[in-house]
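Asks: Before anything else, here's the structure in question.
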Amino acid sequence: QAPIKATCEDMSCKTGFPEDVHSAVVSRSVHGGQPLLNVRFQSCDGNKKIHFGSSEPEDFRVGEDGVVYAERSFQLSAEPTEFIVSAQDKETQEEWQMRVKLTPEPAFPGASEKDQKKIEDIIFPWQQYKHSSPLKRQKRDWVIPPINLPENSRGPFPQELVRIRSDRDKSLSLRYSVTGPGADQPPTGIFIINPISGQLSVTKPLDREQIASFHLRAHAVDVNGNQVENPIDIVINVIDMNDNRPEFLHQVWNGTVPEGSKPGTYVMTVTAIDADDPNAQNGMLRYRILSQTPSSPSPNMFTINNETGDIITVAAGLDREKVQQYTLIIQATDMEGNPTYGLSNTAAAVITVTDVNDNPPEFTAMTFYGEVPENRVDVIVANLTVTDKDQPHTPAWNAMYRMTGGDPTGRFTILTDPNSNDGLVTVVKPIDFETNRMFVLTVAAENQVPLAKGIQHPPQSTATVSITVIDVNESPYFVPNPKLVRQEEGLLAGSMLTTFTAQDPDRYMQQTSLRYSKLSDPANWLKIDPVSGQITTTAVLDRESIYVQNNIYNATFLASDNGIPPMSGTGTLQIHLLDINDNAPQVNPKEATTCETLQPNAINITAVDPDIDPNAGPFAFELPDTPASIKRNWTIVRISGDHAQLSLRIRFLEAGIYDVPIVITDSGNPHASSTSVLKVKVCQCDINGDCTDVDRIVGAGLGTGAIIAILLCIIILLILVLMFVVWMKRRDKERQAKQLLIDPEDDVRDNILKYDEEGGGEEDQ
């Protein structure tokens, strides 16, 4: 700490250094960033912006607050070291200079008193202002340079810093005090002042990393507590010492770099922090690589930016297949990397060499063999194995296979096993042994990602696959299937219908002829010869059968061989039955209702014929000649090809039920006709044409069968009633018999006879 002296003399203010030569005593060993002394510059105009400079910038630096720092570490010689400190007004460019002389501390204990550090005095100053009137003394604010105090001082404590006094202490008895954080505010008790002498002292070592500066205020009062001087501000800066090692944010740093990277490729950044002042050398860090493991192919594969901590490659030859990981020991040193005075710390940087596709897949053999039974699909016929030096289960290792020849019809595909990376040759379309007995495929293997630039596929990336087709017993097949035969219905049983035969695709197998059997014949109309396949009828073919759908009757037959194992095939025979006029038309509906009067009394009827055109409509409707009452009472008129109207010919017909025969003839060749009976209920009608005596007509029109059924029901009901009555009488008789055998309980007790014989006491009761 260089002496700093603030005095007040009765003279006018003068801007500049207070002295031409400033002498200071410092330690012989000077470290970079170490504060050496504080130069005092007096500015009469408080608004001036002063810039300080040094004539030896490589050795000394002057801060904006006037503190002189050592720019580097060195030893002072026995002779005083001199340099010039300059101050320049930034606005007017006016410049002032002062010569500084540094003297090393004595190396022996008996140093003279004059060489020992003196305690400075801080005096409440006054300034004179000259006006038109005589000189007038005015008090001004006191601005003093900050006090610089190194951290971690060893004492002894309390250590005296400055003495504060007022120039009025000659005439008055004054008391001094300080306030602020570090004095009477937390943390309290760091700074104390002698109230009588004004001696300001520090009581313990300071730590810049906890509190970098203290702002105190000094007070001067008389014995009555009256303020004598305005308070003055005292700033105490804690000067940083190199007492903290650099600390890496992580002890292990992880980074990656692709193999084959060119020199200068960025890898990662490591970072360390230092709790010391980052603006001083104590907190300025430098990085370097201490070691690299392994040292192959070069011991200096990486370098680090000593200021930023960026790690980059400096040599070529990164090959993941040879070295997959590097471990670097990184050192961070403060004092700008000074190995003598700087503090250091280390961390590990683990660099993983990532894979690129610089190794193509190579087949383990030039030819692969496989076999497959004919007509089999979704079966693996061959395993293609490859080797790839790239990292397993990555796009640079995963193989993809493609066929370049030998499979024009696309009967094979090659899938990749995700675990083994093998190529699985799979059949996707049936293969016929009689057509192709062998396939020779040409396949190529490549990775999911393209090869690295400059890498070519070797011949080992292609191979040949020889696949043999195995002959198996195949199922016979009918030709054609289904087979359609057109035949008129009504063909009699025992007639030859057609011949339905199958073929055996196995031309190279020794086996007997095929055998035929019937598999499905819903109407049981057909049979097939087991040797020749000739189909004959066993019943009359009927187009109107329920088993015929859309004029087609379907039957299924089976052809079997005697191969190993036996095989069979099915064929469907479709018989298209042509209609003949074998069904007469019928009337529909079978019952109708009409009024007993002439108007309104028309009944609409329809002719129904199971046959189809031309053996169906249009139909002819007529009434028979007998009995004569039919044509006398009724008349029929055709209204369309399938419909006619029946109506009363007479004005009135008594209500009742009448059977009206109707002769219907179709248009077939020859014609087919039938007489259908229409049951007509004639009834009395209201004005709307609705019957009003339907119940009477129905009762009157009951037939013999209906009457017999009603009588049977009545007889059964009477028998049931009679049986119920008999059962009730029998039940009453049984109840009366039980009452004669068993009387009520009181009557039984009354019938007990009393004898004058003594019994055995309580046992007889």
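The values are calculated or read from the model by the stated rules, or taken from the named source; none is laboratory data. All values derive from a computational prediction rather than experimental measurement. Cβ coordinates were reconstructed from backbone atoms using ideal geometry, including for glycine residues, and neighbour counts include every protein chain displayed. Ligands, DNA and RNA are stripped out before the accessible areas are found, and what is left, the full protein with its side chains, is counted by its heavy atoms. Shrake-Rupley method; radii C 1.70, N 1.55, O 1.52, S 1.80 Å.
Asks: For q = 0.16, 0.17, 0.21, 0.25 Å⁻¹, what log10 I(q)/I(0) does the range 21-104 give under the Debye formula with an equal point scatterer on each alpha carbon and no solvent?
Replies: -0.60, -0.66, -0.95, -1.26
Asks: Between residue 96 and residue 21, what is 0.36 nm times their sequence separation minus the Cα-Cα distance? Round to one decimal in nm. Mind showing how you got there, number by number?
Replies: On the way: separation 75, 0.36 × 75 = 27.00 nm, distance 1.24 nm.
Here the answer is 25.8 nm.
Asks: Along Cα→Cβ, 7 Å out, is where each label goes; now give me the distance between the ones at residue 716 and residue 298 in nm to one decimal.
Replies: 11.7
Asks: Structure shown: which of 262/453; 49/101; 262/389; 101/204; 429/483; 48/101 lie over 24 Å apart, alpha-carbon to alpha-carbon? Each step should come with its number before you reach the end.
Replies: Details: 262/453 13 Å; 49/101 26 Å; 262/389 21 Å; 101/204 31 Å; 429/483 27 Å; 48/101 27 Å.
With Cα atoms farther than 24 Å apart: 49/101; 101/204; 429/483; 48/101.
Asks: Expected output is a single nm value to one decimal: the length gained when fully extending between residue 367 and residue 647, i.e. 0.36 nm times separation in residues minus the C-alpha distance. What is it?
Replies: Details: separation 280, 0.36 × 280 = 100.80 nm, distance 9.62 nm.
Length difference between fully extended and current span is 91.2 nm.
Asks: Here is a follow-up. Calculate what fraction, in whole %, of the accessible area of the range 477-578 sits on carbon and sulfur atoms when a 1.4 Å probe is rolled over the protein chains. Spell out each step's value before the answer.
Replies: Details: 2820 of 5490 Å².
Roughly 51 percent, rounded to a whole number.
Asks: Taking the Cβ of residue 84 as the center, what net charge do the other residues with Cβ under 13 Å away carry, scoring Lys and Arg +1 and Asp and Glu -1? Mind showing how you got there, number by number?
Replies: On the way: positive: 99, 101; negative: 20, 56, 59, 82, 95.
Residues close to residue 84 contribute a combined charge of -3.
Asks: Tell me the carbon and sulfur percent of the accessible area for the range 362-470, rounded to whole percent, probe radius 1.4 Å. Provide the component values of the computation, followed by the final result.
Replies: Details: 3080 of 5760 Å².
Exposed carbon and sulfur together represent 54 percent of the surface.
Asks: What whole-number value in Å² describes the accessible area per residue of the range 529-688 for a 1.4 Å probe? Intermediate results must be reported in sequence, preceding the final value.
Replies: Working: 8090 Å² over 160 residues.
The answer is 51 Å² per residue.
Asks: What order do 595, 713 take when sorted by accessible area (1.4 Å probe), most exposed first? Walk me through the intermediate numbers first.
Replies: Details: 595 5, 713 90 Å².
Result, largest first: 713, 595.
Asks: Only helical DSSP H runs with n ≥ 4 go in: add -39500 (n - 2.57) per run for the chain, normalise by residue count and round the 222 nm mean residue ellipticity to 500 deg cm²/dmol. Walk me through the numbers on the way to the answer.
Replies: On the way: 4 runs with 57 residues, N = 765.
Helices in the chain give a 222 nm mean residue ellipticity of -2500 deg cm²/dmol.
Asks: Can you tell me how much longer the chain between residue 640 and residue 58 gets when fully stretched, taken as 0.36 nm per residue apart minus their C-alpha distance, in nm with one decimal?
Replies: 196.5 nm
Asks: What is the spin-label model distance, in nm, from residue 168 to residue 314 if the labels are put 7 Å beyond Cα along the C-beta direction?
Replies: Going from the residue 168 label point to the residue 314 one covers 7.0 nm.
Asks: Which entry in (1) 112.4; (2) 37.6; (3) 81.3 is this structure's computed mean projected area of the Cα convex hull in nm²?
Replies: (1)
Asks: Another question, then. Please compute the per residue accessible area over the range 143-239 with all protein chains in place, 1.4 Å probe, rounded to a whole number of Å².
Replies: Details: 4870 Å² over 97 residues.
That works out to 50 Å² for each residue.
Asks: Moving on. Before anything else, pin down the relative contact order of the chain: Cα pairs under 8 Å, at least 6 apart, normalised by residue count, whole percent. Walk me through the intermediate numbers first.
Replies: Values: 1678 pairs, mean separation 44.1, N = 765.
It rounds to 6 percent for the chain.
Asks: Just the projected area, averaged over all directions, of the convex hull on the alpha carbon atoms of the range 362-470: how many nm²? Intermediate results must be reported in sequence, preceding the final value.
Replies: Details: hull surface 26.7 nm².
Answer in nm², one decimal: 6.7.
Asks: From the backbone phi of the range 390-395, what are the Karplus-calculated ³J(HN,Hα) couplings (6.51 cos²θ - 1.76 cosθ + 1.60, θ = phi - 60°) in whole Hz, Gly and Pro given as x?
Replies: These are the phi-based 3J(HN,Hα) values: 6, 5, x, 6, 10, x Hz.
Asks: Report the antiparallel proportion of the DSSP beta bridges in the chain as a percent, rounded to a multiple of 5. If you can, show how the numbers build up before the last one.
Replies: Values: 144 of 186 bridges.
Antiparallel: roughly 75 percent of the beta bridges in the chain.
Asks: Find out how many positive minus negative residues lie around residue 267, taking Lys and Arg as positive, Asp and Glu as negative, among other residues whose Cβ is under 15 Å from that of residue 267.
Replies: Here the charged neighbours net out to 0.
Asks: Here's another thing I want to ask about it. What is the calculated FRET efficiency for residue 687 to residue 540, with r their C-beta to C-beta distance and R₀ = 56 Å, to the nearest 0.05?
Replies: Numbers: r = 56 Å, r/R0 = 1.00.
That pair, residue 687 with residue 540, gives E of 0.50.
Asks: For an R0 of 51 angstrom, estimate the FRET efficiency from the Cβ-Cβ distance between residue 209 and residue 403 and round to the nearest 0.05. Let's see the in-between values first.
Replies: On the way: r = 73 Å, r/R0 = 1.42.
Efficiency, from the Cβ-Cβ distance: 0.10.
Asks: For 328, 492, write out the residues from largest to smallest accessible area, computed with a 1.4 angstrom probe and no ligands counted. Numbers along the way, then the final one.
Replies: Numbers: 328 0, 492 115 Å².
The residues order as 492, 328, largest area first.
Asks: Here's a follow-up. In percent, what relative contact order does the range 24-111 have, based on Cα pairs under 8 Å that are 6 or more apart in sequence? Mind showing how you got there, number by number?
Replies: Working: 165 pairs, mean separation 30.7, N = 88.
Dividing the mean separation by the residue count of the range 24-111 yields 35 percent.
Asks: List the residues, sorted by chain then number, that are 5 or more residues from residue 302 or on another chain and whose placed amide H is less than 5 Å from its amide H.
Replies: So residue 302 has HN proximity to 314.
Asks: Excluding residue 349 itself, calculate the net charge of residues whose Cβ lies under 13 Å from the Cβ of residue 349, where each Lys or Arg counts +1 and each Asp or Glu counts -1.
Replies: Details: positive: 288; negative: 310.
Neighbourhood net charge equals 0.
Asks: Could you sort 341, 658 by accessible area so the largest value comes first, with the probe set to 1.4 Å?
Replies: Values: 341 85, 658 65 Å².
The most accessible residue leads, giving 341, 658.
Asks: Positive end of the dipole of the range 586-683, charges at C-beta (+1 Lys, Arg; -1 Asp, Glu), about the Cα centre: which of 653, 639, 587 has its Cα farthest in that direction?
Replies: Projecting each Cα onto the dipole axis, the largest value belongs to 653.
Asks: Right, next: With a cut-off of 8 Å between alpha carbons and a minimum separation of six or more residues, what is the relative contact order of the range 380-500 in percent? Show your work: numbers first, answer last.
Replies: Working: 164 pairs, mean separation 29.7, N = 121.
Normalised by residue count, the contact order of the range 380-500 is 25 percent.
Asks: Among the trypsin sites (Lys or Arg not before Pro) within the range 409-506, which fall in a DSSP loop and have no more than 16 other Cβ atoms within 10 Å of their own Cβ?
Replies: Values: sites: 411, 437, 453, 483, 486; in loops: 411, 437, 453.
Passing both the DSSP loop test and the Cβ count: 437, 453.
Asks: Roughly how tilted is helix 704-741, in degrees to the nearest 10 and between 0 and 90, from the longest Cα axis of the chain?
Replies: 70
Asks: Going by Cα centres, the range 429-478 and the range 211-279 are how many Å apart?
Replies: What the calculation gives is 73 Å, centre to centre.
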